[in-house]
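Notes to accompany the following structure.
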Amino acid sequence: MLAEQLLNPKSIVVVGGSADIGKPGGSVIKNLINQGYKGKLYVVNPKASEVQGITCHASVEALPEVDLAMLAIPAAACVEAVKILAHQKKTKGFIIFSAGFHEESTAGAVLEEQIVQTVNEIGGSLIGPNCIGVMNTHYAGVFTGTIPPLSDSGVDFITGSGATAVFLMQAAIRFGLPFSSVYSVGNSAQTGVEEILAHLDETYVHGQSAPVKMLYVESINNPEKLLKHAQSLIKKGARIAAIKAGSSVAGSRAASSHTGAMASSDVAVSALFKKAGIIRCHGRMELALMAAVLLQPLPTGKNMAIITHAGGPAVMLTDTLSDGGLQVPPISGPVANELLAKLYHGSSVANPIDFLATGTAEQLGYIIDACENDFNHIDGIAVIFGDPGLTALDDVYALLLNKLKICKKPIYVILPSVADVPLELPEFIKNGKVAYQDEVLFGRTLATAMNSKIQNSKFKIQNSITIDIKKIREVVNNAAEGYLPPDKVQALLDAAGIARAGEAVVTTTADAVKAADQLGYPVVMKVVGPVHKSDVGGVVLNVKDDNTVRKEFERMIQIKDTTAILLQPQLSGMQLFVGANREPKFGHLIMCGLGGIFIEVLKDVAAGLAPLSMAEAYEMIRSLRSYKIIEGVRGQEPANESIFAEIVVRLSMLCKAAPEIAELDLNPLLGSKDKVVAVDARIRIES
């Protein structure tokens with residue numbers, strides 16, 4: 001948990017404070033004063049007696065006791081200053097703006113470690129170094145010029161990039177997104193995104209705490225911690241939206257040059273966010289708009305009414321909502337006719353409800369009231385109102401403010417005339433309301449928010465599914481690193497309860513013929529050893545007699561790296577795939593989809609992080625573009641979805657029991673309406 005002295009300091013010192021507001025040490029003092037910090041404010045500057053009206057101290061030794069220290073001095077000087085403040089001045093909150101630490105050099109990393117050790121010794125909290133600071137409703141401890149409106153009902157924003165924070169806030173201020181707090185973690189030397197999210201979780205009280213959290217992340221250092229506290233926050237009623245940057249190789253390189261962060265597997269990040277219930281965004285405006293949408297209660301259903309006096313934007317919003325799975329249903333009947341009679345000739349109430357450029361505030365009120373009270377199939381209302389240049393808009397904006405307060409159905413206001421209403425629009429936003437500016441961006445954001453699924457009930461594995469952990473550990477503990485031989489693969493699948501085809505591994509022609517007779521013709525023959533069997537001619541299907549077994553055995557055993565031949569009965573069914581890959585820090589990423597060549601050609605794979613529940617496995621399968629094939633189309637026999645889902649879960653449990661599994665492929669599984677059977681498997685162990 002963060003120290004109270006960081007969150008609500010009764011006294012603050014700016015070490016390196018300056019009269020020059022073009023420097024971090026000067027700008028932060030200006031912000032603290034201008035934003036009305038109510039505690040005691042001190043400055044350390046040996047070259048000045050007074051800075052911005054505040055008496056200076058020549059050194060940190062000369063200070064009285066102080067809660068929070070903000071350092072804007074060279075990196076090398078920070079170590080000693082922190083020691084004195086921590087041990088002599090009872091300081092427990094530290095914000096270090098300075099750069100020159102682990103993001104620059106090995107020597108800088110040593111300085112950073114020394115500072116963290118000192119802060120940890122006294123149970124303090126450190127933000128930074130290499131950050132823009134912290135702001136909340138108690139103080140504006142940042143050196144940048146952008147300070148958004150701060151209120152307890154706004155959003156909490158945690159960011160690994162100070163510049164991203166500034167640019168996002170500048171955009172958000174324009175459309176009225178309020179903030180509760182902003183944490184710029186910089187190098188995250190002691191306190192990173194995960195630690196601040198943990199604090200927000202541990203102190204969260206629904207109805208009192210900020211209900212929406214925004215994250216900008218370049219490196220996820222502790223996925224398990226992030227998952228735990230995100231799930232907990234969402235279970236308590238909060239919502240979280242996040243950007244994870246550095247998903248590409250070039251983006252990873254940029255992230256590394258920025259803060260020393262390393263990009264994680266992007267598929268693993270998406271799986272983590274999905275498991276946690278975090279809505280993933282990919283840009284600053286998308287993140288800010290998502291936070292604004294989440295601040296309001298979402299519609300209880302997918303039916304939206306669009307109210308407009310401009311046809312084109314309404315058409316584009318209708319298309320966007322429809323593409324996102326929401327509906328703009330027709331409105332008709334006697335009540336609709338009564339509403340139409342109150343509007344100017346040429347208006348339409350069919351939905352979108354168009355009351356023309358000449359429409360009045362009174363008419364807009366009639367329409368909103370009808371959507372709120374009379375049209376029971378409407379769940380949410382979007383109002384598009386620009387400046388037609390015909391009348392003053394004060395009464396329209398006043399009406400919208402009133403309806404936003406009293407209506408139970410959510411109302412989303414899109415006010416695109418940002419240049420033509422220089423007085424009215426800022427006044428609307430000043431009243432604490434969000435004014436969306438682009439109907440398509442709004443529509444996409446609302447659809448994403450509505451379609452995001454909170455999986456709080458899905459996190460635990462069903463108790464009815466069990467695996468033989470003792471047997472799994474016995475096999476793995478006695479296995480050499482690398483790809484397991486077929487008998488050990490079979491043992492692990494059996495211990496995990498995953499059905500497999502009967503098989504035999506042989507090293508002589510005679511044993512091959514004997515095994516084929518016992519398994520029953522036709523059989524499949526596969527080389528043991530080469531990783532990509534098909535590429536080297538190491539798979540033969542539909543072998544129907546002893547002579548062919550002899551012939552193919554003698555050919556295949558000569559293939560490079562082949563140590564034996566595997567025989568299995570020839571089975572039929574839909575080819576499916578389940579696999580696992582161990583991701584650093586994240587654990588095992590479990591994947592599923594259509595199998596065989598389809599996995600390479602279609603690249604239609606769903607992923608989730610182990611362990612998985614049946615509900616999560618079903619959701620993975622049903623998210624596949626090829627799901628209709630699995631269900632069975634045009635008379636094709638379906639694959640048994642429940643068994644397929646259970647195999648996904650069992651595989652995830654196997655990986656949790658055996659973290660040494662670095663890579664696992666069941667490809668293909670053959671699925672029919674009655675069963676799903678693994679016919680080819682490979683498992684690689686790596687300690």
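Out of residues 5 or more away from Asp680 or on other chains, whose amide H comes under 5 Å of its own, with H placed 1.01 Å from N in the peptide plane?
Sorted by chain and number, the residues that satisfy this are Asn667.
Rounded to the nearest 10 degrees, what's the angle between the helix 311-323 long axis and the longest principal axis of the chain, both from Cα atoms, 0 to 90?
With rounding to tens, the tilt is 40 degrees.
Counting Lys and Arg as +1 and Asp and Glu as -1, each charge on the Cβ, what is the dipole of segment 322-440 about the Cα centre in debye, to the nearest 20?
Details: 7 positive and 16 negative charges, 68 e Å.
It works out to roughly 320 debye.
How would the chain be classified by its alpha-carbon gyration tensor: rounded, prolate or oblate, with rounded meaning a/c under 1.5 and the a/b versus b/c comparison settling the rest? If you can, show how the numbers build up before the last one.
On the way: a/c = 3.07, a/b = 1.37, b/c = 2.24.
It comes out oblate by the Cα gyration axes.
Choose one of Thr358, Leu272, Val28: the residue whose Cα lies farthest towards the positive end of the charge dipole of the chain (beta-carbon charges +1 Lys, Arg; -1 Asp, Glu; about the Cα centre).
My answer, from the dipole projection, is Leu272.
Just name one of Val155, Pro611, His345: the one whose Cα is farthest towards the positive end of the charge dipole of the chain (beta-carbon charges, Lys/Arg +1, Asp/Glu -1).
Ranked along the dipole, the leading option is Pro611.
Over segment 574-685, what is the relative contact order in whole percent, taking alpha-carbon pairs under 8 Å and six or more residues apart? It would help to have the intermediate numbers written out before the result.
Numbers: 237 pairs, mean separation 36.4, N = 112.
Once normalised by length, the contact order is 33 percent.
Compute the signed sum of charges (Lys and Arg +1, Asp and Glu -1) over the other residues within less than 12 Å, Cβ to Cβ, of Gly128. Working shown, then result.
Working: positive: none; negative: Glu103, Glu112.
Local net charge: -2.
How large is ³J(HN,Hα), in whole Hz, for each residue of segment 109-119 in order, when computed from phi with the Karplus curve 6.51 cos²θ - 1.76 cosθ + 1.60 and θ = phi - 60°, using x for Gly and Pro?
Calculated HN-Hα couplings, in order: 5, 5, 4, 4, 4, 5, 5, 4, 4, 5, 5 Hz.
Order these peptides, 266-279, 216-229, by their mean beta-carbon neighbour count within 10 angstrom, highest first.
Working: 266-279: 22.4, 216-229: 20.8.
Descending packing order for the listed peptides: 266-279, 216-229.
About the Cα centre of segment 150-251, how large is the charge dipole given +1 on each Lys and Arg Cβ and -1 on each Asp and Glu Cβ? Please answer in debye to the nearest 20.
Approximately 280 debye in magnitude.
Round to the nearest 10 and give me the degree value, 0 to 90, for the angle of helix 394-406's Cα axis relative to the longest principal axis of the chain.
It works out to around 60 degrees.
Through the Karplus equation 6.51 cos²θ - 1.76 cosθ + 1.60, θ set to phi - 60°, convert the phi angles of segment 663-679 into ³J(HN,Hα) values in whole Hz; use x for Gly and Pro.
Per-residue couplings from phi come out as 7, 8, 10, 10, 8, x, 8, 10, x, 10, 5, 10, 7, 9, 10, 7, 10 Hz.
Between the alpha-carbon centers of segment 166-182 and segment 137-159, tell me the distance in whole angstrom.
About 8 Å separates the Cα centre of segment 166-182 from the one of segment 137-159.
Under 8 Å for C-alpha pairs, at least 6 residues apart: give me the relative contact order for segment 320-365, rounded to a whole percent.
Details: 36 pairs, mean separation 12.8, N = 46.
28 percent.
Magnitude of the Cβ-charge dipole of the chain, K/R +1 and D/E -1, about the Cα centre, nearest 20 debye? Provide the component values of the computation, followed by the final result.
Working: 61 positive and 68 negative charges, 163 e Å.
Charge dipole of the chain: 780 debye, to the nearest 20.
On a straight-distance basis, which aspartates and glutamates could pair with Lys10 in a cross-link, Cα separation under 18 angstrom, same-chain partners fewer than 8 positions away excluded?
In chain and number order, the partners are Glu65, Asp67.
What lysines sit close enough to Lys628 to cross-link, taking a C-alpha to C-alpha distance under 20 Å and skipping anything fewer than 8 places away on the same chain?
Once the sequence-local lysines are set aside, what remains near Lys628 is Lys603, Lys673, Lys675.
When you count, for each residue, the other Cβ atoms within 10 Å and take the mean per peptide, how do 298-308, 399-409, 430-440 rank with the highest first?
Result, highest mean Cβ count within 10 Å first: 298-308, 430-440, 399-409.
Going by Cα centres, segment 42-70 and segment 626-687 are how many Å apart?
65 Å
Please list, ordered by chain and number, the residues whose modelled amide H lies under 5 Å from the amide H of Ser181; skip anything fewer than 5 residues away on the same chain.
Amide H to amide H, under 5 Å and 5 or more residues apart or across chains, Ser181 pairs with Val155, Asp156, Phe157.
With the contact rule set at Cα under 8 Å and sequence spacing of 6 or more, what percent relative contact order holds for the chain? Please report the intermediate quantities before stating the final value.
Values: 1443 pairs, mean separation 57.0, N = 687.
Reported as a whole number, the value is 8 percent.
If you bin every alpha carbon distance in segment 1-126 into 10 Å steps from zero, what whole percent lands in each bin?
Once binned at 10 Å, the Cα pair distances of segment 1-126 give 14, 46, 34, 6.
If you average the C-alpha positions of segment 514-587 and of segment 93-129 separately, how far apart do those two centres end up, in angstrom?
So the two Cα centres are separated by 57 Å.
What span do the alpha-carbon atoms of segment 146-295 cover on each of the three principal axes, reported in whole Å from largest to smallest?
40, 31, 27
How far is helix 486-496 tilted off the main Cα axis of the chain, in degrees rounded to 10, range 0 to 90?
So the inclination is approximately 60 degrees.
Using only helices, what value at 222 nm comes out for the chain when you add -39,500 (n - 2.57) per DSSP H run of length 4 or more and divide by the total residues, to the nearest 500 deg cm²/dmol? Don't skip to the end; give the middle numbers.
Working: 24 runs with 261 residues, N = 687.
Dividing the helical sum by the residues of the chain leaves -11500 deg cm²/dmol.
Any read-out appearing in this document is the output of simple, stated calculations on the displayed coordinates, not a laboratory observation. Treat the numbers as computed from the prediction; the structure is a model and nothing was measured. For neighbour counting, all protein chains shown are included, and Cβ atoms are generated from backbone atoms with ideal geometry for every residue, glycine included.
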